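First the structure, in the form of structure tokens, and then the observations on it.
The values are calculated or read from the model by the stated rules, or taken from the named source; none is laboratory data. No experiment lies behind these values; they were computed from the predicted model shown. Here the Cβ positions follow ideal geometry from the backbone for every residue, glycine too, while neighbour counts run over all protein chains shown.
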Amino acid sequence: MKAATVVPGRPESAGVSDLPEPSPDAGELLVDGLLAGSCATDHDVVHASHGALPPGQDRLVLFHESLGRVRHAPAISGFAEGDHVVGVVRRPDPEPCPACAAGQWDFCLNGGYTECGIKELHGFGSQRWTIEPRFAIKVPASLGDAGVLTEPASVVAKAWEQAELIGRRAYYAPRHALVTGAGAIGLLGALLGVQRGLDVHVLDRMTEGPKPELVRRLGATYHTSLDDLGCEPDVVIEATGAGEVVFDVLRRTARNAITVLTGIAGHDRTLPIPAGAINDELVLDNDVVVGSVNANLRHYQLAVRALAEADQSWLGDLINRRVPLSSWTDVLTRQDTDVKPVVDLRA
Ligand code: BGC
């Protein structure tokens with residue numbers, strides 16, 4: 001079978017490999033790959049800043065955002081042939097880790113976790129893959145291709161959950177939400193905000209392309225400058241990872257605001273910031289800033305529910321570039337109009 005593979009950190013190695021057909025271990029599902037979604041993390045794995053080969057292997061099967069159809073399921077697996085499934089990205093640390101042991105591998109304490117298509121485990125960019133049922137998420141076939149949005153939506157579901165859990169520390173009745181960045185994470189973040197009945201504002205630098213209209217169709221408000229916001233957000237889902245945006249936002253939030261950071265943009269960037277003023281603002285306003293990465297099973301289930309309740313035509317429009325497996329490396333070159341580029345594993 002064909003697979004999208006790479007040696008992490010060696011972009012020239014990215015290509016299509018012929019790999020042996022996978023054979024499921026006892027109890028595992030055998031899955032036909034349908035789509036693999038692409039995001040900035042894939043770019044980072046290919047270009048070195050992130051990612052590691054599976055031990056003893058000379059290539060990594062790329063892609064952690066998946067959608068597949070079950071080809072074979074053991075009788076007691078809870079799955080049946082034809083089910084649409086998504087693979088959980090992170091797997092618990094094989095060394096004892098109390099958070100992983102409690103099913104909270106997204107809060108792994110010792111960093112020994114593995115991640116499919118990123119860190120030491122093969123991903124889902126192949127024509128077939130196998131998976132233990134406990135790490136497979138059933139998605140309604142009615143979602144169609146939008147099922148591939150389950151993994152990014154799980155990351156966003158965790159981010160919203162973090163805001164809500166922290167909100168319980170005191171009286172908290174958020175009205176205005178700000179989402180920074182209108183990529184797939186930002187747009188899905190905005191969707192979950194609208195589903196919560198909030199007045200949602202989305203910031204992005206693009207003035208053209210599909211993003212302004214996708215935000216408008218959600219019933220949210222699109223901005224290209226924070227100066228035009230017209231409100232102080234009670235909750236922020238930050239999805240740019242850009243220091244300039246992060247620290248600007250922190251000075252514009254309402255009292256008792258919660259800002260959830262989900263983006264990363266490189267460790268080596270420095271930026272002059274008014275650190276003292278930001279400190280005072282955080283203290284005097286009881287503001288919280290929290291980082292959020294990855295997702296556990298509960299967040300995948302929340303994601304499936306949110307996607308199922310969304311306008312299906314809007315969701316479908318997030319997937320706005322398709323590349324066949326034979327030329328998958330094209331997804332690594334970002335285009336300005338990209339929202340969620342996907343690799344078609346059947347083509
Ligand atoms: C993935 C997460 C993963 C993170 C860090 C993100 O792109 O969606 O599942 O934990 O990268 O590797």
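Please report, ordered by residue number, the strands (runs of 3 or more DSSP E) entirely within the range 99-209 with at least 1 residues that are closer than 30 Å to Ala347 by Cβ.
Those strands (runs of 3 or more DSSP E) span 114-116, 128-131, 136-139.
Among the residues of the range 120-141, which ones are surrounded by fewer than 23 Cβ atoms within 10 Å (Cβ to Cβ) and within 15 Å of the ligand (Cβ to nearest atom)?
Glu120, Leu121, His122, Phe135, Ile137
Being surrounded by 16 or more Cβ atoms within 10 Å (Cβ to Cβ) and either in contact with a strand residue (DSSP E or B) (Cβ under 6 Å, 6 or more places away or on another chain) or modelled with pLDDT of 95 or more (or both) is true for just one of Asn286, Asn279, Asn294. Which residue is that?
Of the residues listed, the single one that is surrounded by 16 or more Cβ atoms within 10 Å (Cβ to Cβ) and either in contact with a strand residue (DSSP E or B) (Cβ under 6 Å, 6 or more places away or on another chain) or modelled with pLDDT of 95 or more (or both) is Asn294.
In the range 257-268, is there at least one residue being part of a helix (DSSP H, G or I) and surrounded by 20 or more Cβ atoms within 10 Å (Cβ to Cβ)?
The answer is no, given that none of the residues of the range 257-268 is part of a helix (DSSP H, G or I) and surrounded by 20 or more Cβ atoms within 10 Å (Cβ to Cβ).
Give the residues of the range 289-321 that are more than 18 Å from the chain's Cα centre (by Cα) and either outside any helix (DSSP H, G or I) or farther than 23 Å from Lys158 by Cα (or both), sorted by residue number.
Val289, Asp311, Ser313
Among the residues of the range 236-256, write down those that are under 29 Å from Asp42 (Cβ atoms) and in a loop (DSSP other than H, G, I, E, B).
Answer for the range 236-256, where residues must be under 29 Å from Asp42 (Cβ atoms) and in a loop (DSSP other than H, G, I, E, B): Ala239, Thr240, Gly241, Ala242.
Per-residue answers, yes or no, for (1) surrounded by fewer than 16 Cβ atoms within 10 Å (Cβ to Cβ); (2) at pLDDT 95 or above; (3) of a type outside the set (A, V, I, L, M):
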{"residue": "Ala4", "(1), (2), (3)": "no, yes, no"}
{"residue": "Val7", "(1), (2), (3)": "no, yes, no"}
{"residue": "Leu19", "(1), (2), (3)": "no, yes, no"}
{"residue": "Ser23", "(1), (2), (3)": "yes, yes, yes"}
{"residue": "His50", "(1), (2), (3)": "no, no, yes"}
{"residue": "Leu53", "(1), (2), (3)": "no, yes, no"}
{"residue": "Val61", "(1), (2), (3)": "no, yes, no"}
{"residue": "Gly68", "(1), (2), (3)": "no, yes, yes"}
{"residue": "Gly82", "(1), (2), (3)": "yes, yes, yes"}
